[in-house]
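The structure appears below as structure tokens.
The values are calculated or read from the model by the stated rules, or taken from the named source; none is laboratory data. Given the structure is predicted, the values throughout are model-derived calculations rather than measurements. Every residue, glycine among them, receives a Cβ derived from its backbone with ideal geometry; neighbour counts consider all protein chains shown. The accessibility values were calculated without ligands, DNA or RNA, using every heavy atom of the protein model including side chains. Shrake-Rupley method; radii C 1.70, N 1.55, O 1.52, S 1.80 Å.
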Amino acid sequence: MENIEGYIGLCVCFLGLPASGKTFSAGKLSRYLSWMSVKTEVYSSEKYLETEYGSSEIIPPRYSMTKVNLIFNDLEAFYKEGGHVTILDFNECNLELRQNIVKAAEKRSILIMFVEIVCTDQKFIEENITDICKNSPSYKHLPLENAKDKLREVIKCYQKDYTPLSEAEDCTFVRIIDFCNEVNIHNIKNYWQSRIVYYLSNLRTQRRSIWLSRHGESEFNVQGRIGGNSGLSSQGEKYASLLPEYVSKFVVGSKGLTVWTSSMKRTIQTASHLDYQKLEWKALDELDAGIFDGFTYDYIEEKYPDEARKRSYDKFHYRYRGGESYMDVVRRLEPIIMELERQGDVFIICHQAILRCIYGYYHNFSLEELPFLNVPLHTILKLTPTTFETLEERLTIPVSAVSTQRGKH
């Protein structure tokens, strides 16, 4: 990320009532920026308040200027250690808090961008209340129903002095109402702020799942060759023929399912028996191995030992001659991620390197870990993002296949 002229870093400050989808959005933004090689850290305001609600308390604590300065001291330290973006998550939205934040930021030359999340969907709010009470340190020590009642009281308290963002404050902000049904944008100043607005404007906070699978075992998989555009092996064809049966059982509500494949033969063949709408994405094609396309790893190590060593040293950034690196793949997958954030009921059938990058995005793995994630053949992954984590289920279809997993050397 390029430095922002005149500032040591960018702080994206989320404001809004508890259970509005604010924490979910903040977490997703952090994953996206980290995935795009932007060093990012989320700071929960609750940590600084050390809040744990008892059975009789109903007045939530407020953020004094002293507390805000403590937060910004930590942010300043993060930027000085090479950080780019910090994300703050506040459970309220009032003018005094925003003024204190602006003062603390200006004192330290930190660029502030406010994000207000507003939700009026009571069903969604109640689902979030349950999720928070089961997982938040402030509530999970209480019996669930008591915790939910407590959180509803806290929300009422914060509503009393809730003051929406307005253009009169002359600050940079985006105000997102009811899952982007309405988006208000004001005073966006630079490239990264506009990227953040674009991402958040595509984000849908309703809970939903996506399903991932590699293509069936290919002829090149059996031969130990990389890349290429080979067809399925006999075992891969068996996997493709069994997919409809398992998808109908494992993919809940699959009637509205859309199947995404790459433009390569082995993914199209794998999806051929599925009776759903299908879309081919060139962006989902496997990592391009360049001049090494069709070679085995043993051959590369024997004939091109220097290239093999370079790739072993930094697999994420290593770019095949005439081909791609994992970093290149992440860049071309950005439109896919944007579309996934807007869509529901999508089943992606593609390739090992591609699924590692997508899987790593949802689970917030570091970029260095992406090239080593295990995504086995003949397995369907179900990922369900929630406020605090991405839930995962795996279904292995009983058709044997070779392993293409290679550990760190």
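Can you pull out every residue in region 229-260 that is assigned to a helix (DSSP H, G or I), touching a residue at least 40 places away in the same chain (Cβ under 8 Å) and open to solvent by less than 20 Å² (accessible area, probe 1.4 Å)? If the condition is that a residue be assigned to a helix (DSSP H, G or I), touching a residue at least 40 places away in the same chain (Cβ under 8 Å) and open to solvent by less than 20 Å² (accessible area, probe 1.4 Å), then GLY236, TYR239, LEU243, VAL247, SER254 are the ones that fit. Quick check, is LYS39 open to solvent by 60 Å² or more (accessible area, probe 1.4 Å), farther than 28 Å from LEU370 by Cβ and modelled with pLDDT of 95 or more? So LYS39 fails the test. Of the helices (runs of 4 or more DSSP H) entirely within region 144-228, those holding at least 1 residues that are under 25 Å from PHE347 (Cβ atoms) and over 21 Å from the mean Cα position of the chain (by Cα) occupy 219-223.
Scanning region 184-201 for residues that are touching a Leu at 6+ places or on another chain (Cβ under 8 Å) and surrounded by fewer than 15 Cβ atoms within 10 Å (Cβ to Cβ) turns up just one, LYS189. Residue pairs whose Cβ atoms lie under 7 Å apart, separated by 6 or more positions or on different chains, with the first residue in region 83-99 and assigned by TED's automatic domain parsing to the domain that holds SER64 and at pLDDT below 90 and the second open to solvent by less than 20 Å² (accessible area, probe 1.4 Å) and in a helix (DSSP H, G or I), are ASN91/SER45; ASN91/TYR158; GLU92/TYR158. Checking each residue in region 340-363 for being open to solvent by 20 Å² or more (accessible area, probe 1.4 Å) and modelled with pLDDT of 95 or more picks out GLN352, TYR359, HIS363. Evaluating ALA77 against the criteria (1) loosely packed, with under 14 Cβ neighbours inside 10 Å; (2) modelled with pLDDT of 90 or more; (3) more than 28 Å from SER34 (Cβ to Cβ); (4) of a type in the set (A, V, I, L, M) leaves one unmet condition, (3). When CYS93 is tested against the conditions (1) open to solvent by 60 Å² or more (accessible area, probe 1.4 Å); (2) touching a strand residue (DSSP E or B) at 6+ places or on another chain (Cβ under 7 Å); (3) of a type in the set (A, V, I, L, M, F, W, C), the lone failure is (1). In the set (1) crowded, with 16+ Cβ neighbours inside 10 Å; (2) in a helix (DSSP H, G or I), LYS123 fails one condition alone, (1). Residue check: GLY224 meets all listed conditions (1) on the phi < 0 side of the Ramachandran plot; (2) open to solvent by less than 50 Å² (accessible area, probe 1.4 Å) but one, namely (1).
Scanning region 323-339 for residues that are crowded, with 19+ Cβ neighbours inside 10 Å and within 13 Å of SER37 (Cα to Cα) yields TYR326, VAL329, VAL330.
Being surrounded by fewer than 16 Cβ atoms within 10 Å (Cβ to Cβ) and among the acidic types (Asp, Glu) holds for only one residue in GLU307, GLU302, and it is GLU302. Checking the structure you have, find out if any residue of region 43-52 is under 16 Å from GLY9 (Cα atoms), touching an Asp or Glu at 6+ places or on another chain (Cβ under 7 Å), at pLDDT below 95 and not in a helix (DSSP H, G or I). Taking every residue of region 43-52 in turn, at least one turns out to be under 16 Å from GLY9 (Cα atoms), touching an Asp or Glu at 6+ places or on another chain (Cβ under 7 Å), at pLDDT below 95 and not in a helix (DSSP H, G or I).
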